[in-house]
Amino acid sequence: MSSLVKTILKRFRATSLHTTITHHPFVRVPVNHLQKFTVHRKIKRQTLEARSEAELLICLPREKSIKIHYNLEAESPNLGELTTCLLFAKYLANFGHKVQFILIEPSVGRQVSENRFGHGRLLEMRSLGEEIAEGNLEFIGVNSNIYCEGKEENSSHILFEHAYSTQQAIFTHVSILFGLSEMRSKFGTPTNLVKWNPSGYVGWHVRNSSIDKLRNYRSNNQLVADAKALTRVFPTKQIRIFTDDSGRDRVEIACQKKPELRTLFDSGKITFQEAKSYSTAAIEAAGCDFWFQRLGGGIGMIPLFSAMPFLILSEDFHSFRLAGGSGSLFYSWHGSRQIWHLSAYASFISASKLLAKFKTFVLSV
């Protein structure tokens, strides 16, 4: 693709017209159906690579040292993806392996200048790594310019060593590993990697990111509809929105334009998370009696690795394939009240009836 075409596409994607077109059901739904029926050869290859790695992990003796390299020059800046890989490190450590998770930070240059990893995001990543690793495994954050393997490398198993040596991302492979039955047979079910401690509130994830904007709420009307549905189904529970600063601004703007949403905030029925950082928000999220999410991602990984009941409306057929999901379960080890509702219409369907199925259970928690 020529630089001129790329420039034109970039400018078009920055316009409101692009948003209007891509969010319209006549465009969005057919695109989702195309994703649904598209055969991804890359996923098949990654699945084979993950199965090969699983065979190696299963044969390792207990207490074997394992190194996991998370190279930010290959991985995305998505905190949810880092969360998944950190939880996999914890998964191996809980079994008895000595796990070292190495966060390789990007060198000063193109990626940082493009703001994929600003200073604040790197701090969040380090904080998250330290929080999840505490008492379970060793977490190290180091710049790629100065990192080099120690002499003990040959005595440690390197997770996806080929990917590490060729600077490829490992998130996709780790997602596949979590879905393999042979991994669960050896290491157990990952449901309790995040300890669920219900604390009396319902979590609602509202994403507002400049990365993959199609996973954000498409309209203020949709926000209001979900807010009303949640407060109607769970009238005695506080609805707590989990989001970042951009998401807060998005909701505040919606409150200014939609008085009914402002009223729900003023009444205290809906509020924002108390945590100020992603790592502390992850702890707070683990206290939800129930989790609701339309599209999104990020911190929505937390309930996936807990016993928490959830309803996640998703158009992400790609991730569903990686997890090896079936029916309404993202991972086969999820419970009957952990629903991943996969649909080409996920951005448009009403959540009321789907949420109502959880009412009796959640109100009794």
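We did not get these values from a lab; they are worked out from the coordinates using the rules stated. Here the structure is a predicted model, which means the values were calculated and not measured. In this analysis, Cβ positions are derived from the backbone assuming ideal geometry, glycine residues included, and neighbour counts consider all displayed protein chains.
If you run the Gaussian network model on the chain, springs between alpha carbon atoms under 10 Å, then out of S314, S209, S306 the most flexible one is S209. This ranking places W196, W291 by how few other beta-carbon atoms lie within 10 Å of each, fewest first, which gives W196, W291. By the compact-protein rule of thumb, 2.2 N^0.38 Å, the alpha-carbon radius of gyration of region 1-89 corresponds to a ratio of 1.65.
The aspartates and glutamates whose alpha-carbon is closer than 17 Å to the alpha-carbon of K269, local same-chain residues fewer than 8 away aside, are D226, E252, E260, D289. For the chain, evaluate the Debye formula with one uniform point scatterer on each Cα (no solvent term) and list log10 I(q)/I(0) at q = 0.09 Å⁻¹, rounded to two decimals. Normalising to I(0) and taking log10 leaves -0.53.
Ordered by the count of other Cβ atoms within 10 Å of each Cβ, fewest first, E55, E138, E81, E284 give E55, E138, E284, E81. Averaging 1/r across all pairs of distinct Cα atoms in region 184-303 and inverting the result yields a Kirkwood radius of 15.0 Å.
Once you charge only the Cβ atoms, +1 for Lys and Arg and -1 for Asp and Glu, what is the size of the charge dipole of the chain about its Cα centre, to the nearest 20 debye? Please report the intermediate quantities before stating the final value.
Numbers: 45 positive and 32 negative charges, 317 e Å.
Computed about the Cα centre, the dipole is about 1520 debye.
Of the Cα atoms belonging to region 231-361, the radius of gyration and Dmax stand at 15.0, 42 Å. Neighbour counting of Cβ atoms within 10 Å sorts the residues K357, K67, K237, fewest neighbours leading, into K357, K237, K67. Plainly put, region 42-188 has a radius of gyration that is 0.95 times its Kirkwood radius, both from alpha-carbon atoms, as the Rg/Rh ratio. Report the percentage of all Cα-Cα pairs in region 191-252 whose separation exceeds 20 Å, rounded to a whole percent. When all Cα pairs of region 191-252 are counted, 37 percent exceed 20 Å. Every helix of 4 or more DSSP H residues in the chain counts as -39500 (n - 2.57), and over all residues that averages to -13500 deg cm²/dmol at 222 nm.
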